[in-house]
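*Asks:* The following block contains the structure, expressed as structure tokens.
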Amino acid sequence: MVAGENDERKDFTTYWTSDHSAPTLENMMLDSEASKMDVLERPEILSELPTLTGKAVFELGAGIGRFSGILAEKASRVVALDFVEASCAENRRAHKHLNNLEVVCADATRVDYPEGSFDLVFTNWLLMYLTDEEVQAFAEKALRWLRPGGHLFFRESCFHQSGNAKRRFNPTKYRHPEDYSRMFSGAVQSDGSRFQLCATNCVEAYAQMKGNVHQMWFRWEKVDARVSAKQACYLSTQQYTLAGLMRYEKIYGKNYVGTGGDEVSDKIRIAAGDTIKTGCRGLDVGCGLGGTILHLADKCPQTYWHGISFSSELSAVAGGRHVDRPRNQRDAVSFETVAEFGIPASQLNYPQNSFDVAIMRGALMHLDMGDKAVMLRKMSRMLRPGGKLLVLDYTVGKPVAKCSEDLQGYCSARVFNLLEHVQEKELLERYFKVEMIDVTQDLKKCLVAETSRIEEQFAPSADEPPGSPKKDQRSALEHQIATAVSEVFPAVNDATASSAAVAAMEALKLHLDADREDAKTRAEDLKWCREQWAVKRAALDAGELQWHLFVATKP
């Protein structure tokens, strides 16, 4: 044991080097049915990896080499690391015929490699044996190890224990998927490079065999500063942080990050007409947390929807929630994250005529003029003849440059590139037959309702948390608690009753501190929301901000 190791690191080390060190498949998966599960689980994990041909791969937590050999058979070079020597020895023995596989016995928290050493950093069940600080340090190092465009793939047990192996103790960190999103989205190199979440899902083999949807995998791509600039802008406005998303949901409704909630989703469904019918396949580009397609899947049984997100933060939240939904809902709705708003040829490259209907709800307005045209061409190619694209966007009554400074600032902060409704209709008409519906009055009604909800959710209440008790109040309260303990439990001595009173006061202090922090956050949210909604209402009243639904049919 290395001097100075913290207690958690000692526990993790003991857990694997002493309690679960046997180099067997059952021990690696901590489950008595490992051999049955491996038949389905391993191919599923491998199917989610990027191309390996000619690539350099760093596998951490390699164990006995369950994945090492397969990775090495395709990649040009694989470094497989584990800190249990018995596992490393078995990995070397099983794959001694592979000259491009290097098995290293070392601690993942202490290893390092030069910048740009690998195309893929891969780990299967490692991060849940690291502390939060160690995961954050790993995220920074993995970003540095990867070459531009390289990928990070990891799979972890989330929420709670999965395997049925007996454990003397269990130091495992069963995190929420959103915790991983926060840690890896926050990793940034000095040149601005960062991680973009490409996809996440539960491991379906576990869902099928054990009814366990809490085995989660995540695939990230390293993107450079230019690609991540808009993402950084979103983060700087706090729109898509977990706190920002929860704030939006209090205003818009569960699973929505934009105006209108289910009511507008229904308007989109009606506008689509008989395009949405049994067996229909739909695409939602810029799906947010999936509110629209979840509503449509519920209202229109036996239809299938695929949501495209531009944001790692949104994807992590949506993915974490989706695994807990009923199986029929998970079968009907799926999610994916694309880089660079789906503009490059490698993104949104589904076959021609793949979808019956497509939706862009507040998404097209994020793209600049050149990218709007590229996106619409892609949408036209992906839709079948007669299929419909429904675009719901903010529009402007005059060029943004001639609008109020407040509206210009609002658009700039959100990377909105708003067009006049006639311009947007003309752009759509390059590829579609277009019907334009002015829904500005609906927007006004929505803003009125949202303003009321803002006050309901964030305005100070009559029972705001009190301040901390004064010294004499604390003493009096401690005495009352100690007296009550002695009366209820006569056998308890005075020292124990006094200790119980002190502990109760500490717990009270924690609750009061949390209540005050919550009140502070609500006050900040109230101020922010009032300012933002005031800008929108003023722009609406001035005729500068409008709302249009475009029903575009592919000829």
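The values are calculated or read from the model by the stated rules, or taken from the named source; none is laboratory data. Since we're looking at a predicted model, the values are computed, not measured. Neighbour counts are summed over all protein chains in view; Cβ atoms, including those assigned to glycine, are modelled from backbone coordinates with ideal geometry. Ligands, DNA and RNA are excluded from the accessible area calculation, which covers all protein heavy atoms including side chains. Shrake-Rupley method; radii C 1.70, N 1.55, O 1.52, S 1.80 Å.
*Asks:* Specify which labelled value, from [x] 45, 34, 20; [y] 40, 31, 23; [z] 43, 37, 21, agrees with semi-axes √(5λ) of the Cα gyration tensor in Å derived from the coordinates of the model shown.
*Replies:* [z]
*Asks:* At what distance in nm do the modelled label points of Lys36 and Ala538 sit from each other, each positioned 7 Å from its Cα along Cα→Cβ?
*Replies:* 6.6
*Asks:* Rounded to the nearest 10 Å², what accessible area does His176 show when all protein chains are kept and the probe is 1.4 Å?
*Replies:* Its accessible surface works out to 60 Å², give or take rounding.
*Asks:* Okay, moving on. Rounded to the nearest 0.05, what FRET efficiency do Glu133 and Asn493 give with R0 = 35 Å and r taken as the Cβ-Cβ distance? Could you check?
*Replies:* Efficiency at R0 = 35 Å is approximately 0.25.
*Asks:* Given labels modelled 7 Å from the Cα in the Cβ direction, how far is it in nm from Met246 to Lys74?
*Replies:* Label-label distance for Met246 and Lys74, simple model: 3.9 nm.
*Asks:* Given contacts defined as C-alpha pairs under 8 Å and at least six residues apart, what's the relative contact order of the chain, whole-number percent?
*Replies:* Answer for the chain is 11 percent.
*Asks:* Between Ser334 and Asn99, what length in nm is gained on full extension when 0.36 nm per residue of separation is reduced by their alpha carbon distance?
*Replies:* Full extension of this stretch gives 80.6 nm more.
*Asks:* Right, next: Given R₀ = 22 Å, FRET efficiency for Ala373-Glu435 by Cβ-Cβ distance, to 0.05?
*Replies:* 0.65
*Asks:* Using the beta-carbon distance between Asp472 and Ala413 and R0 = 56 Å, what value does 1/(1 + (r/R0)^6) give for FRET efficiency, to the nearest 0.05?
*Replies:* Efficiency computed from Cβ-Cβ geometry: 0.70.
*Asks:* Hey, any idea what % of the stretch 53-125's accessible area is carbon plus sulfur with a 1.4 Å probe?
*Replies:* Carbon-and-sulfur percentage of accessible area, whole number: 49.
*Asks:* How many Å² of accessible area per residue for the chain, probe 1.4 Å?
*Replies:* On a per-residue basis, the chain sits at 44 Å².
*Asks:* Follow-up. Just to be sure I understand: of the beta bridges DSSP finds with both ends in the chain, what percent are antiparallel, rounded to 5?
*Replies:* Close to 45 percent.
*Asks:* Stretched out fully, how many nm does the piece from Lys398 to Asp515 gain, at 0.36 nm a residue minus the Cα gap?
*Replies:* This chain segment gains 37.5 nm when fully extended.
*Asks:* Ok, one more. Would you mind calculating the gained length between Trp528 and Lys10 on full extension (0.36 nm times residue separation, minus the Cα-Cα distance), in nm to one decimal?
*Replies:* Extra length available between Trp528 and Lys10 comes to 182.0 nm.
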